[in-house]
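Structure in structure tokens, see below.
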Amino acid sequence: AFCASAGVEDAASAKHAPSAVLPRPLDLSSEVKLYMARTDIRRPAEATSRQCMAGAGFAALGFAGVIVGSPAAAVYVHGLFALGAILNTYKHTVMAQHELASIAMRNVEEIVLLPSSGAVVAAPSTGDGSRGDEESTIEERLRATPEIELRVTTTGLVLRLRITQPAAAWEGAKYSGLIEDERLSLEDMSKALYLEELSGWGKPGAPASDDPALLTALLSSGKVIVDQDIQVNQSQDYGAFKQPADGVQRFAKLLDGIAAQKTGSSQSSGGSSPAGGPGARSAKLEIEQIGKQSIISGMIFLTAGMLYIGRWSGSTTGDAVKDPTLENLRGKWKERFA
């Protein structure tokens with residue numbers, strides 16, 4: 001009798017026990033600007049373009065000085081010097097512009113959480129077994145949201161992404177088995193983009209966000225991209241960031257490469273992908289670095305050319321070589337063109 005009464009009490013308590021409490025999905029009824037860059041990279045890019053032109057000019061003068069300063073060298077050697085001058089000029093003009101365009105297509109200016117047609121309107125409390133917004137962490141609510149649409153605007157491109165929670169090894173149809181979901185995640189893609197430091201909210205020049213906690217959770221959530229649409233950003237003045245005709249295809253190929261790399265690393269590590277959050281890199285610093293390298297390279301070649309010219313125009317007395325003078329240089333040029 002005691003056991004029977006205990007069983008009745010257990011059944012009654014189980015009947016009145018609350019059901020499993022679930023976090024409430026995100027409110028997707030309105031647009032949320034998750035990331036807004038405050039650093040303008042157009043002015044540094046214009047300065048870098050000028051520096052690249054100057055560096056190419058310095059290097060061309062340097063190669064010319066080497067050619068003039070080595071009159072005894074074979075013709076094919078002079079030809080190699082001339083080819084070097086052409087290739088160096090191409091690198092610091094054409095290739096540098098392509099590099100700036102590549103940075104532009106990966107420099108994030110804005111990330112917007114788009115409203116969804118099946119939006120869940122947040123409520124403070126619940127009678128359906130769901131917790132209110134203040135009772136759930138942002139990570140829990142993010143996991144409870146089945147699908148999210150984002151618009152990622154870079155300096156060169158506009159990306160519309162549809163992301164969802166990755167399928168576990170025992171879930172799904174196509175993405176099932178003994179391996180994890182191999183689709184490209186938002187976290188993987190963010191490592192290839194230029195994002196400013198996300199820990200400096202409120203500081204001068206730091207990016208702004210309507211919901212910093214949601215942005216941080218989203219970038220490290222592991223949600224995978226199920227659909228993407230890439231278009232050229234037509235709303236900005238290109239200037240130094242003019243995208244090539246195949247800019248969209250290049251970015252899509254970049255994403256495919258990241259996905260292939262993820263698959264390879266997952267297979268080599270037994271199905272576990274490396275940990276780590278999105279890396280914060282500054283596009284402005286990389287752009288400035290291109291200009292500095294061009295100037296330094298041009299000055300090195302120019303110095304070499306000046307040394308060759310100096311050795312060629314120097315006067316000799318016995319075994320001692322004196323520093324060249326303008327008169328020596330003038331005389332050498334007269335002899336050269338006589």
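Each reported figure results from applying straightforward, stated rules to the coordinates on display, with no laboratory input. Keep in mind the model is a prediction, meaning the values are calculated, not measured. All Cβ positions, glycine included, derive from the backbone under ideal geometry; neighbour counts span all protein chains shown.
Report D for the stretch 61-112 in µm² per second (integer): Stokes-Einstein, Kirkwood Rh on Cα pairs, 20 °C, 1.002 mPa s. Intermediate results must be reported in sequence, preceding the final value.
Values: Rh = 13.5 Å.
D, rounded to a whole number, is 159 µm²/s.
Which pairs break 26 Å Cα to Cα here: LYS33/LYS284; LYS91/LYS203; LYS203/LYS253; LYS191/LYS242; LYS33/LYS292; LYS242/LYS262?
LYS91/LYS203; LYS203/LYS253; LYS33/LYS292; LYS242/LYS262
Here's something else I'd like to know. For the stretch 29-117, would you read off the P(r) tail past 17 Å as a percentage of all alpha carbon pairs?
On the way: 2523 of 3916 pairs.
Cα-Cα pairs in the stretch 29-117 separated by more than 17 Å: 64 percent.
With labels modelled as points extended 7 Å from the Cα through the Cβ direction, what inter-label distance (nm, one decimal) is found for THR39 paired with ILE258?
Calculated label separation equals 1.8 nm.
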